[in-house]
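Written out below as structure tokens is the structure these notes cover.
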Amino acid sequence: MIVELGHFALTLAFAVALFQAVVPLVGAGRGWVDWMRAAAPAALMQFLLTGFAFAALVNAFVSSDFSVRIVAENSNSQIPVLYRVSGTWGNHEGSMLLLVLILTLFGAMVAAFGRGLPLGLKARTLSVQSMIAAAFIGFILFTSNPFDRLVPAPLDGNDLNPLLQDIGLAIHPPFLYLGYVGLSMAFSFAVAALIEGKVDAAWARWVRPWTLLAWVMLTVGIALGSYWAYYELGWGGWWFWDPVENASFMPWLVAGALLHSAIVVEKRNALKAWTILLAILAFSLSLVGIFIVRSGVLTSVHAFANDPARGVFILAILGVTIVGSLTLYAWRAPGMRSEGLFQPVSREGGLILNNLLLAVAAAVVFTGTLAPLVREFFDGAKISVGAPFFDLAFTPFMVILIVAMPLGSLLPWKRGDLGRVMARLWWAAALALALGGVVWGVQTGGALLAPVGLALAAWLILGVIVEIGERIGLPRASLGTALGRLTRLPRADWGKFLAHGGLGLMVMGIAAVTAWEIEDIRLARPGDVIPLGGYEIHFDSVSEGQGPNYVYQRGHFTVTRDGEVVAVMEPEKRLYPVQNQPTTEAAIDMGLTRDLYLVLGDKQTNGEDWVVRAYLKPLVNWIWLGALAMAIGGAISLTDRRYRVGAAVRRRRAAPVAAE
Amino acid sequence: MRMIVFLLALLIAVPVAAPVHAVQPDEMLADPVLEARARAISKQVRCLVCRNESIDDSNAKLARDLRLLVRERLVAGDSDAEVFDYLVERYGEFVLLKPKFSAANALLWLAGPIALLLGLIAIVAYHRTRRPRAAANEAPLSTEEKRRLEDILNG
């Protein structure tokens, strides 16, 4: 019954979405205030209805209602409650409903918190957002209904894919969706501005918090996916340039460019056309990503199994949205006058370079991801584009960007002098080069990756430190005054320092682990000792047992260094009987400077030996710590008072009282 | 401090090795140089029955067969390029994870540099068109205003 109510609620949401897509837009065009005012309550209504539908689906999963088809296909009475909840979005139909939930959530948030927005802009923005929501709710209702019943209902379900029965993977999709579906809000603001024909500093101020929120969520989502792959897939890989990973990475890059571009619009009233274009592109890439994952068009370890009819529907949504918005852009953007003047060497110039490099990097990823498809379409040739290509084609642009970042951050607005900026940064450059030199000299083999990577990361982090010094007036002011200023720095500044510094940490981790990882694979039996880079790994025993929905074989290892016990590690091999799927659970001894990573392989036919893979991964956790720092930096920026547009409204109301 | 020393000691004491994923001990060659080459090559060879994995990463049987084949060719004295050619001859370009630098793939490889170039040209052009407009918008300073500016700057 609840399932049917959920289905009905979703249908109502569809009707409200259609209403909201048309009425406020017409109202804004005609100046009918009542029609414009309809947008906010409609948005809230849409969210409540979709929320109810989603809750009904979650309820079906948690109560193991196997008369619902997707519950029977993706859940089982034996699996823990958490994975019954996450099973809701561990399949195509459920994840589409989650997507729509987030679309309506962002609409509702703008309706509720966007009190300072001018009525016309708010109405148009919510209308555009609702058009997207209506398209996707329609997609769900007509091709991917999560509420379909299965008659007769089976006694038990198929079980959730064991790989998905994991806390990291349970929360990875919601964050990811909050991210790249949240970018729809920036898109809606951009299209609304195009329809209005006006982009000004206030618009940029309103767009930024929503884009920043989406970007922070996307950062967390991507980092979670990467970390999950690291500890779950059994070989410590954390990025594969898989099409689905690229689908989330491209919007991240473009959203990063958008955030920085919006700063220029807000502060200098320039770069308007480019910012609008970036907002459109960011969400368009999200849509392309959704298409790639669900249409079955590209092979990937991630993709949902799907039929072509759904692919065609999404392609239609994609086509109308992208072609429509770009046509509107081509028509209206030339009419936007940018006023701020600036020299090429200035912060504006630096941000333009930043935009360009991020956009080109996204273009490289885009071309690489779609190339197999395009080649096959044109001349039938089947090619592969994998990690080796992306590493080679993508990295140079990031290198240029990192070199430019500390310089660009210190340049003043409007007109800057590179000489003066370099004068403040010379010691950071010198230290970074020195670090690179030391690493180059000390390591065996002549690989460039470690010295260059670490030097770049050091340059970036030291550049942030120089900038903090600048902001608190350090070389000139006394230490006391400077420290005082430190406590009074606006939160947006802290956000910037954390985010840029976080990127530096991440690059350091990537360089270190890629260049210096040690591995050891061998046959071993209980009693053997495996030496690994200063550690000794003692293979003690193997035990067997049973978990909630699996059976396991568990290895017991003691790791010592200089005779002292450092860790006890217990890697497992599991078998999930319902789907007859084996998985490996690596044992990881996590450390700030290194991870020890141990995997138990297959037992050999002689009955005694096991394959044991041992890895020492230096600085690997800095990758995710860096990503976390970036996300926290973004979150701190969000709490900056300057973004709470409502504050402006409150001051205006107070002023008449003061004037009396 | 100890951390740095430890890290440095790590670098000196242990040969730099590429990460190994699905390779089994019984596949590994005795000669470490050949084995290192085999792994480097494996990371660029696609597992044909998997979804976007290299034979170095995959646990599939075909991946194992290909890993053994690569090592076989290396032991027989093939150079890296010859091993790749051998595989392409048998399985097509699909087996290469890094696409060939051929005319058909030119657009793929050049997409980045071309995009960068076009972007730079667009920026320069945009900047050039704004200069005259900017100059037209700015009224020149009158002599009185110029004298006041001098005073402010110098006093």
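Here are the numbers:
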read-out: Residue in region B:119-126 that is in contact with a Gly (Cβ under 8 Å, 6 or more places away or on another chain), under 23 Å from A:Ala363 (Cα atoms) and part of a helix (DSSP H, G or I) present; value: no
read-out: Residue among A:Leu474, A:Leu486 that is of a type in the set (A, V, I, L, M, F, W, C) and assigned to a helix (DSSP H, G or I); value: A:Leu486
read-out: Residue within region B:134-155 that is assigned to a helix (DSSP H, G or I), surrounded by 11 or more Cβ atoms within 10 Å (Cβ to Cβ) and within 11 Å of another protein chain (Cβ to nearest Cβ) present; value: yes
read-out: Near pairs, Cβ below 7 angstrom, 6+ apart or cross-chain, from region A:181-204 (under 16 Å from A:Val265 (Cα atoms)) to any residue that is crowded, with 24+ Cβ neighbours inside 10 Å and basic (Lys, Arg); value: A:Val199/A:Lys272
read-out: Any hit, region A:389-409, residues being outside the structural domain of A:Leu460 (by TED's automatic domain parsing), among the aliphatic types (A, V, I, L, M) and not in a helix (DSSP H, G or I); value: no
read-out: Subset of region A:440-465 (residues that are within 32 Å of the chain's Cα centre (by Cα), more than 18 Å from A:Leu401 (Cβ to Cβ) and part of a helix (DSSP H, G or I)); value: A:Ala450, A:Pro451, A:Ile465
read-out: Complete set of residues in region A:487-543 that are exposed (fewer than 15 other Cβ atoms within 10 Å of the Cβ) and within 30 Å of A:Ala635 (Cα to Cα); value: A:Thr487, A:Arg488, A:Leu489, A:Pro490
read-out: Cβ pairs under 6 Å, 6+ apart, first in region A:253-280 and within 13 Å of A:Leu194 (Cβ to Cβ) and basic (Lys, Arg), second part of a helix (DSSP H, G or I) and modelled with pLDDT under 95; value: A:Lys272/A:Val265
read-out: Selection within region B:48-69 - away from chain A (no Cβ under 14 Å) and closer than 14 Å to B:Asp26 by Cα; value: B:Asp65, B:Leu68, B:Leu69
read-out: Residues being among the aromatic types (Phe, Trp, Tyr) and either more than 10 Å from chain B (Cβ to nearest Cβ) or touching a residue at least 60 places away in the same chain (Cβ under 8 Å) (or both) - total across region A:350-388; value: 2
read-out: Output for region A:595-619, where each listed residue is part of a strand (DSSP E or B), more than 9 Å from every other protein chain (Cβ to nearest Cβ) and of a type in the set (Asp, Glu); value: A:Asp595
read-out: Positions within region A:398-431 being exposed (fewer than 13 other Cβ atoms within 10 Å of the Cβ) and aromatic (Phe, Trp, Tyr), in sequence order; value: A:Trp426, A:Trp427
read-out: All helices (runs of 4 or more DSSP H) inside region B:1-118 with 2 or more residues being modelled with pLDDT of 85 or more; value: B:32-42, B:61-75, B:80-91
read-out: Where a residue in region A:222-247 is within 8 Å of chain B (Cβ to nearest Cβ) and free of Cβ contacts under 8 Å to residues at least 12 places away in the same chain and its partner, wherever it lies, is surrounded by fewer than 23 Cβ atoms within 10 Å (Cβ to Cβ) and assigned to a helix (DSSP H, G or I), with Cβ under 8 Å and at least six apart; value: A:Gly237/A:Ala229
read-out: When residues of region A:84-115 are limited to those that are of a type in the set (S, T, N, Q) and farther than 21 Å from A:Ala153 by Cα, the one surrounded by the fewest Cβ atoms within 10 Å (Cβ to Cβ); value: A:Ser95
read-out: Residue within region A:74-83 that is crowded, with 22+ Cβ neighbours inside 10 Å, in a helix (DSSP H, G or I) and modelled with pLDDT of 90 or more present; value: no
read-out: Hits in region A:261-273 (condition: surrounded by fewer than 24 Cβ atoms within 10 Å (Cβ to Cβ), of a type outside the set (Asp, Glu) and in a helix (DSSP H, G or I)); value: A:Ile263, A:Lys267, A:Arg268, A:Ala273
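Table: residues versus (1) more than 29 Å from the chain's Cα centre (by Cα); (2) among the acidic types (Asp, Glu); (3) closer than 15 Å to A:Val128 by Cα.
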{"position": "A:Ala17", "(1), (2), (3)": "no, no, yes"}
{"position": "A:Ala53", "(1), (2), (3)": "no, no, no"}
{"position": "A:Ala72", "(1), (2), (3)": "yes, no, no"}
{"position": "A:Ser77", "(1), (2), (3)": "yes, no, no"}
{"position": "A:Leu101", "(1), (2), (3)": "no, no, no"}
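The values are calculated or read from the model by the stated rules, or taken from the named source; none is laboratory data. This structure is a prediction, so every number in the text was calculated from the model and none was measured. Here the Cβ is made from the backbone with ideal geometry for all residues, glycine too, and neighbour counts use every protein chain on show.
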